[in-house]
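Enquirer: One structure is given below, represented as structure tokens, and several questions about it will come after.
The numbers here are math on the coordinates, done by the rules we state, and not lab data. The shown structure was predicted, so the numbers you read here are calculated from the model rather than taken from an experiment. Positions of Cβ are backbone-derived with ideal geometry, glycine not excepted, and every protein chain shown enters the neighbour counts.
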Amino acid sequence: MLNKFLAELIGTFVFLGVIIICVAGEPLTLAEKAETWIKVGLALSISILLMGKVSGGHFNPAVSVMFYLNNGLTSEELIIYILAQIIGAVLAFASYKFFYGHLNNHK
């Protein structure tokens with residue numbers, strides 16, 4: 001179960017870390033929005049490829065709840081997945097603030 005917890009935590013951290021970095025700062029131009037979609041898609045794809053075999057690659061509480069409702073996760077697994085996802089999200093935000101928080105606009 002620890003492997004699943006860590007896989008969800010790391011995958012969520014990477015996925016949300018890329019999202020935060022891509023969208024923080026000034027409003028995006030149309031070209032930057034297109035670039036952001038590609039970066040976010042790649043981050044999710046890579047996270048799923050690397051961690052999906054371990055945990056299923058949910059990286060989102062809504063996805064985990066859907067799997068639980070479809071009997072794909074036990075109650076215990078659901079709680080562990082959601083905790084890992086929340087911690088991964090908090091760590092992604094904290095890392096962003098640590099590395100970029102001193103800048104008004106990091107781009």
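Enquirer: If packing is taken as the average count of other Cβ atoms within 10 Å, what order do 11-20, 32-41, 59-68 fall into, highest mean first?
Expert: Final packing ranking: 11-20, 59-68, 32-41.
Enquirer: Here are a few candidate values for Rg and Dmax of the Cα atoms in Å: [x] 15.0, 46; [y] 13.0, 36; [z] 14.0, 39. Which one was actually calculated from the structure I just gave you?
Expert: The calculated read-out lines up with [x].
Enquirer: Here's something else I'd like to know. Treat every Asp and Glu Cβ in the chain as -1 and every Lys and Arg Cβ as +1, leave all other atoms uncharged, and give the resulting dipole magnitude about the Cα centre to the nearest 20 debye.
Expert: 140
Enquirer: Now a separate question. So, in nm, how far is label residue 90 from label residue 32 when the simple model puts each one 7 Å beyond its Cα toward the Cβ?
Expert: Rounded to a tenth, the inter-label distance reads 3.0 nm.
Enquirer: What spacing in nm lies between the two simple spin-label points modelled at residue 45 and residue 3, each 7 Å away from Cα in the Cβ direction?
Expert: Spacing of the two 7 Å Cα→Cβ label points: 2.6 nm.
Enquirer: For the chain, please report how many Lys pairs fall under 16 Å Cα to Cα, leaving out neighbours fewer than 8 apart on the same chain. Mind showing how you got there, number by number?
Expert: Details: 4/53; 33/107; 39/107; 97/107.
Lysine pairs meeting both conditions in the chain amount to 4.
Enquirer: Something else: If one computes the Cα centroid of the range 1-28 and of the range 34-107, what distance in Å separates the two points?
Expert: One Cα centre to the other: 5 Å.
Enquirer: Let me ask something additional. Helix 75-100 against the longest principal axis of the chain: what's the angle in degrees, Cα atoms only, rounded to the nearest 10?
Expert: Value to nearest ten degrees: 20.
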